[in-house]
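**Q** Please find one structure pasted underneath; my questions will follow.
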Amino acid sequence: MIQASICTIGDEILIGQIVDTNSSNISKELEALGIKVTRMLSFGDDHDEIVNNLSNELRNNDIVISTGGLGPTKDDITKAALAEISGSKEYVVNKAQLKIVNEILHSRGLDVLDINKAQANVPDTCEVINNKKGTAPIMVFRFPAEKFGHPATLYALPGVPFEAIGALPDIIDDIKCHQKGLSDIFHKCIMVYGLAESALSKLIEDWEDSLPEDMHLAYLSNQLTGVRLRLSIYGGNKEDEERRIDAEFERLRPLLGDMIYSWQDDTLQNAIGAIFRGSGMTLSCAESCTGGEIAHLITSVPGASEYFLGSVTSYAVPIKEKLLKVRAGTIKKFGVVSSEVAVEMATGVRRLLGSTYSVATTGLAGPSGDEQNPVGTVWIGIAGPNGTYSVKKNYRNDRARNIQRFAASALDELRKYILRDLQMNMSSKRPAQH
């Protein structure tokens with residue numbers, strides 16, 4: 001299998017001044033092409049560091065793609081390092097890139113300085129892919145087997161994301177044209193919510209141990225989406241790979257049940273949208289401790305206006321009582337953070353907005369709590385045509401993560417509640433068996 005490394009060059013990345021988004025975008029394109037990315041590496045603007053790191057990556061990979069260090073200022077020293085690696089004797093002017101430099105600067109009303117013109121000078125050992133979106137050309141160095149022990153190609157891209165990502169189609173075309181032995185990489189994911197990664201791993205341990213040797217499992221955890229289980233096969237036929245992975249994931253159905261909320265890479269809010277879209281059903285929510293996070297997630301899905309009517313952020317007790325008609329006696333007897341209040345909030349917003357279903361949250365995101373309800377406690381209330389439901393969750397995170405966990409758990413409980421409702425309705429409509 002063809003292997004690649006992605007290198008980002010620049011002190012600004014190492015000190016956290018900018019975030020490297022180039023690597024993830026490049027990696028996705030390479031994976032789609034059937035190239036396995038083995039490493040992502042960042043290093044600073046130091047000549048020896050650039051030479052040593054790029055040389056090492058070329059020894060260990062078929063393709064290396066670097067970004068950064070190709071600007072017009074003195075701290076952009078990558079070009080000189082590339083000249084040394086490739087054994088260049090001199091620089092030559094790439095006339096096509098020089099023309100682009102002139103056009104870009106003139107269009108901005110700027111003078112073309114010598115340092116700008118110098119960007120079109122490239123080592124005589126490289127091929128050039130013209131950068132149509134910026135002044136620094138994309139340089140391609142092709143090394144014979146005797147240089148690094150195998151044929152290797154280095155693509156040097158500018159670091160500006162607009163330019164680097166804009167150059168990717170040309171890079172991919174070049175790889176397709178020159179690289180032999182491209183093969184398929186197939187990934188497929190299912191989404192699971194309701195179990196911590198460690199508990200999930202224990203539950204499916206036997207299944208994981210029985211996977212074929214060429215099938216690789218990864219756990220990818222996130223507080224908003226749960227655990228993404230990804231199966232990958234490197235090489236082979238894509239149709240066969242997909243069929244085999246589908247068969248393996250199907251074996252998880254009896255183990256995980258409704259904890260699987262999607263059979264593809266997805267989010268809980270998309271799963272909710274899939275249930276509501278085209279059904280004629282509507283949704284509302286009442287939020288206290290989540291402060292609008294549930295509504296934000298729901299409305300992040302295109303087309304949510306078809307089913308989402310609105311939300312009441314009833315943060316203060318008087319709003320719970322006046323708008324949602326939560327009874328003062330309920331709050332006095334059970335406390336604001338309680339099953340009873342969560343249910344009355346859900347019932348109240350459902351009545352207020354006239355929705356088919358509603359979900360509500362009341363809890364303590366932090367930083368303070370008490371013995372009965374420590375920080376990280378949330379009650380989720382749900383109301384629908386077949387009655388109400390509540391559930392208590394406890395998390396032990398900081399305030400921001402607790403809010404995200406509360407909102408995601410509310411969406412997941414809503415999802416499971418509605419699916420049970422729909423299943424019950426279908427069962428009641430089936431003709432009796434004689």
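**Q** First obtain the Kirkwood hydrodynamic radius of the range 142-238 from its Cα pairs, then insert it into the Stokes-Einstein equation at 25 °C and 0.890 mPa s, and state the resulting D in µm² per second as a whole number.
**A** Numbers: Rh = 17.3 Å.
This corresponds to a translational diffusion coefficient of 142 µm²/s.
**Q** Also: Pairwise over distinct Cα atoms, reciprocal of the mean inverse distance: report the Kirkwood radius of the chain in Å, one decimal place. Intermediate values should be presented prior to the final figure.
**A** On the way: mean 1/r = 0.0388 Å⁻¹.
25.8 Å is the Kirkwood radius here.
**Q** Tell me, Kirkwood radius of the range 212-354 from alpha-carbon pair distances, in Å? Intermediate results must be reported in sequence, preceding the final value.
**A** On the way: mean 1/r = 0.0549 Å⁻¹.
For the range 212-354, inverting the mean 1/r across all distinct Cα pairs yields 18.2 Å.
**Q** Projected onto the charge dipole of the chain (+1 at Lys/Arg Cβ, -1 at Asp/Glu Cβ, origin at the Cα centre), which of 342, 4, 211 gives the Cα projection farthest towards the positive end?
**A** Value computed over the given set: 342.
**Q** So which GluC sites (Glu not before Pro) in the range 167-246 pass both tests, a DSSP loop state and at most 10 other Cβ atoms within 10 Å of the Cβ? All intermediate terms of the calculation are to be shown ahead of the outcome.
**A** Working: sites: 197, 205, 208, 213, 239, 241, 242; in loops: 213.
Here the GluC sites (Glu not before Pro) that fit, given the DSSP loop and packing criteria, are 213.
**Q** Enumerate the whole-percent occupancy of each 10 Å bin, from 0 to the last occupied one, for all C-alpha pair distances of the range 3-178.
**A** 10, 40, 38, 11, 1
**Q** Taking only the alpha-carbon positions of the range 1-53 and ignoring solvent, what does the Debye formula give for the base-10 log of I(q)/I(0) at q = 0.14, 0.16, 0.17, 0.22 Å⁻¹?
**A** For the requested q values the scattering log ratios are -0.41, -0.52, -0.57, -0.83.
**Q** I need the trypsin sites (Lys or Arg not before Pro) found in the range 65-114, filtered to DSSP loop residues with at most 11 other beta carbons within 10 Å of theirs.
**A** Details: sites: 74, 79, 89, 95, 99, 108; in loops: 74, 89, 108.
Those satisfying the criteria are 74, 89, 108.
**Q** Let me ask another. Report the Cα centroid-to-centroid distance between the range 299-328 and the range 268-290 in angstrom, as an integer.
**A** About 12 Å separates the Cα centre of the range 299-328 from the one of the range 268-290.
**Q** Given Cα pairs under 8 Å that are at least 6 residues apart, what percent is the relative contact order of the range 302-383? Let's see the in-between values first.
**A** On the way: 115 pairs, mean separation 21.9, N = 82.
In percent, rounded to a whole number, it is 27.
**Q** Would you be so kind as to identify which of 165, 280, 200 lies farthest towards the positive end of the dipole of the range 160-287, taking Lys and Arg as +1 and Asp and Glu as -1 on Cβ and the Cα centre as origin?
**A** So the residue furthest toward the plus end is 280.
**Q** Taking N as the number of residues in the range 243-304, what is its Cα Rg relative to 2.2 N^0.38 Å? Working shown, then result.
**A** On the way: Rg = 15.0 Å, N = 62, 2.2 N^0.38 = 10.6 Å.
Scaled against compact globular proteins, the figure is 1.42.
**Q** How long are the three semi-axes of the equivalent ellipsoid for the range 308-434, computed from the Cα gyration tensor as the root of 5 times each eigenvalue, in whole Å, largest first?
**A** Numbers: eigenvalues 161, 62, 33 Å².
The equivalent ellipsoid of the range 308-434 has semi-axes of 28, 18, 13 Å.
**Q** Additional query: Using alpha carbons only, what's the Rg to Rh ratio of the range 44-95 with Rh from Kirkwood?
**A** Values: Rg = 11.6 Å, Rh = 11.9 Å.
Rg/Rh: 0.97.
**Q** Go ahead and estimate [θ] at 222 nm for the chain from helices alone: -39,500 (n - 2.57) per DSSP H run with n ≥ 4, summed, over the residue count, rounded to 500.
**A** Numbers: 18 runs with 181 residues, N = 434.
Calculated at 222 nm, the ellipticity per residue is -12500 deg cm²/dmol.
**Q** Using the alpha-carbon atoms, what tilt in degrees (0 to 90, nearest 10) does helix 238-250 show relative to the longest principal axis of the chain?
**A** Value to nearest ten degrees: 30.
**Q** Report, please, the projected area of the range 123-193 averaged over directions, based on the convex hull of its C-alpha atoms, in nm². Before the final figure, lay out each step's value.
**A** On the way: hull surface 31.3 nm².
Its average projected convex-hull area is 7.8 nm².
**Q** Whole-Hz Karplus ³J(HN,Hα) for the range 352-368, in order, using 6.51 cos²θ - 1.76 cosθ + 1.60 and θ = phi - 60°, x for Gly and Pro?
**A** Using θ = phi - 60°, the values come out as 5, 9, x, 8, 6, 10, 8, 9, 9, 9, 9, x, 10, 7, x, x, 10 Hz.
**Q** Name the trypsin sites (Lys or Arg not before Pro) in the range 159-199 that are in a loop by DSSP and that have at most 13 other C-beta atoms within 10 Å, would you?
**A** Numbers: sites: 176, 180, 188; in loops: 180.
Sites meeting the loop and neighbour criteria: 180.
**Q** Another question, if that's okay. So what is the relative contact order of the chain, in percent, for Cα pairs below 8 Å that sit 6 or more residues apart?
**A** Values: 810 pairs, mean separation 45.8, N = 434.
Relative contact order, the chain: 11 percent.
**Q** Over the range 3-178, what is the relative contact order in whole percent, taking alpha-carbon pairs under 8 Å and six or more residues apart?
**A** Working: 322 pairs, mean separation 41.9, N = 176.
Relative contact order comes out at 24 percent.
**Q** Based solely on C-alpha atoms, express the radius of gyration and the Dmax of the range 185-262 in angstrom.
**A** Computed over the Cα atoms of the range 185-262, radius of gyration and Dmax are 12.2, 34 Å.
No lab work stands behind these numbers, since they all come straight from the coordinates. Computed from a predicted structure; not experimentally measured. Cβ coordinates were reconstructed from backbone atoms using ideal geometry, including for glycine residues, and neighbour counts include every protein chain displayed.
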